[in-house]
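I have placed the structure first, in the form of structure tokens, so that the comments after it can refer back to it.
The values are calculated or read from the model by the stated rules, or taken from the named source; none is laboratory data. Values in this document were obtained by computation on a predicted structure and should not be read as measured data. Heads up, the Cβs are rebuilt from the backbone with ideal geometry, glycines too, and the neighbour counts pull from every protein chain shown. Protein only, heavy atoms only, side chains kept; ligands, DNA and RNA dropped before computing areas. Shrake-Rupley method; radii C 1.70, N 1.55, O 1.52, S 1.80 Å.
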Amino acid sequence: MAPSHSVDAPDMSIPTADDGTPDAFVERERQVPRAQRVSAVVRLVVAIVVGLIMMFPLYWMVTLAFSPRTDVFSRDLYLWPSEWTLENFRTIFDGFPTLTWFGNSVIITVIVTFLTVLVNLLAGYAFAKLDFRGKGAIFLLVLSTMMIPVQVLMVAQFRLVAELGIYGTFWAVIFPSAASAFGIFLARQFMIAIPDELIEAAKVDGAGTIRIFLQIVLPLCKPLIAVLVLLTVMYQWNDFAWPLIALKDSELFTLPIGLLYLRGQYGADYGAIMALALISITPIIILFLAFQKYFVQGLARSGIR
């Protein structure tokens, strides 16, 4: 029988320091300056503290919304409900047309968002990629409207909707909000970055302006559309002043107006007020979390820092 030869297996162990830490990590830690490590820790701590401070109002709203009246009006501070209850939600649903107000907000917000995003995209494309006389002057005129306070325009808007015969209807809220100067500016800045070669190639192939917009420009604008949708929904959903002026029937009120109406009827019932406020902000939070990635991309590619 042939003599056996033992073959030593290669050493696969990771070199470690005296305390058991791998040498690669020890060397990497040594390469990072101490001041930089301290700065990173300080930034992390500051970010956590600021995040907690910003989240506390939302946490306090949830706490009051599910707390019994004894906790809300107690002299003691309850940072956590002593008993979880739906009493505040029953108050707003039994005593007020909360579902109707919620539905009104949804209808107005959806229509306004669709019209605003459509107009902003079309106007942004025109200012970014089309050549026509007076384009720069018209664009500056549109931007100048952002410096006019909203309160100054309310009188003219009221006369306009009154003469059109739509005062007191949903259309009185929808039509004045069907475009946004900031949205047009945002769309223009985003579409400027789209290569002109794509549009020129489409023109060579015989595509018209509408076809280029629908089949080439629009598919590239998903982050922009997400930003416009989020900004429009947040503004319109929380809009209070103009719907309060344009709507006169309580059955047509939106949630922000209903919140004021609830506060007038239950001036001290903060639990019910917080319950309605929680219902009002929940759709916005869900929408933002769903489109957060596109929202950040859209702002970054639009040149907004």
*For segment 206-229 and segment 66-126, what is the separation of their C-alpha centers, rounded to whole Å?*
33 Å
*asked:* Explain nothing, just compute: Karplus ³J(HN,Hα) = 6.51 cos²θ - 1.76 cosθ + 1.60, θ = phi - 60°, for every residue of segment 43-51 in order, whole Hz, x for Gly and Pro.
replied: 5, 5, 5, 4, 4, 5, 5, 5, x
_With +1 assigned to the C-beta of every Lys and Arg and -1 to the C-beta of every Asp and Glu, and no other charges, what is the dipole magnitude of segment 97-302 about the Cα centre in debye, to the nearest 20?_
300 debye
*Could you look at segment 97-302 and say what percent of its accessible area is carbon and sulfur, using a 1.4 Å probe and all protein chains?*
69 percent
*Going through segment 212-291, which chymotrypsin sites (Phe, Trp or Tyr not before Pro) have at most 10 other Cβ atoms within 10 Å and a DSSP loop state?*
none
_Tell me which trypsin sites (Lys or Arg not before Pro) from segment 76-185 have a DSSP coil assignment and no more than 13 other beta carbons within 10 Å of their own._
ARG133
*Picking from PHE190, LEU230, SER250, whose Cα lies most toward the positive end of the charge dipole for segment 180-268 (charges on Cβ: Lys, Arg +1; Asp, Glu -1)?*
SER250
*Count neighbours as other Cβ atoms within 10 Å of each site's Cβ, and list the GluC sites (Glu not before Pro) in segment 79-164 that are DSSP loop with at most 14 such neighbours.*
GLU83
*asked:* Per residue, how big is the convex hull of segment 25-137 when only Cα atoms are used? Give it in Å³.
replied: 329 Å³
*Order the following by accessible area, largest value first: MET146, MET274. Probe radius 1.4 Å; ligands, DNA and RNA are ignored.*
MET146, MET274
*Averaged per residue, what accessible area in Å² does segment 97-302 show with a 1.4 Å probe, protein chains only?*
53 Å²
*How big is the accessible area of VAL50 in square angstrom, nearest 10, if you roll a 1.4 angstrom probe over the protein chains?*
70 Å²
*Kindly sort ASP196, ASP94 by accessible area of their heavy atoms, largest first, with the probe set to 1.4 Å.*
ASP94, ASP196
